[in-house]
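Heads up, the thing below is written out as C-alpha cells.
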Amino acid sequence: AESSGGGGEGGGGEEGEGEGGGDKPFPWLFLSISALSSFVFNSLIAFGVAVTYPLLVSLGTLVGIPLSLIADAFLHPGSVYLLEVVGAVLVTVGFALLALPFDEWVEKRKERKRQRRGGNSKGEVRRDEDVAALFV
C-alpha cells in the first residue's frame with residue numbers, strides 16, 4: 001500500500017534529505033545567511049525611508065550593483081569585464097550626483113549673485129534712484 005505522507009518514490013522522506021533522496025544535507029547555513037541578509041536589507045530600507053526620502057532610498061539600492069561587481073571580483077578572479085566596470089562606475093557616479101545637495105548649492109549661488117548686485121536677501125534689487133540717493 002502506498003503511503004499518503006507525500007514521500008513519493010524517494011523513500012523515507014527523512015529530514016535532511018533532498019528531493020531525490022540523495023546524500024546531500026539541506027543547506028541550512030546558506031538559507032540562514034540568506035534570510036539574515038534579507039532581514040537586514042529590508043530593515044535598512046524601512047529605516048532609510050523613515051529618515052530620508054523614498055526616492056533616495058530606492059536609488060540607493062542600486063549601489064548593490066557595484067558591490068556585486070566587487071564581490072564577483074574577489075570570489076571569481078578574472079571574471080570581471082571592462083563593460084561591467086564601466087557600468088558599475090556609471091551607477092556609482094549617478095547615485096553620487098543624486099545624493100549631492102545641488103538645490104542648496106544653486107540657492108546659495110543665487111544669494112551671492114543677489115548680494116553682489118545690491119539686492120537684499122529676499123531677492124529685491126534696489127532701484128537706480130535709491131542707489132543715486134545714497135550719494136546725494
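Structure summary
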item	result
Stretch gain in nm, segment ASP23-PHE41, where the contour uses 0.36 nm per residue and the Cα spacing is subtracted	3.2 nm
Size descriptor, Kirkwood hydrodynamic radius, that averages inverse alpha-carbon separations across region 48-100, Å	12.0
Estimated FRET transfer efficiency when R0 is 25 angstrom, pair LEU83-GLU104 (beta carbons, to 0.05)	0.10
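Bear in mind that the values in this text are calculations on the coordinates, not laboratory data. These numbers were taken from a predicted model, which means no experiment stands behind them. Please note: Cβ atoms are built from the backbone with ideal geometry, for glycine as well, and neighbour counts cover all protein chains shown.
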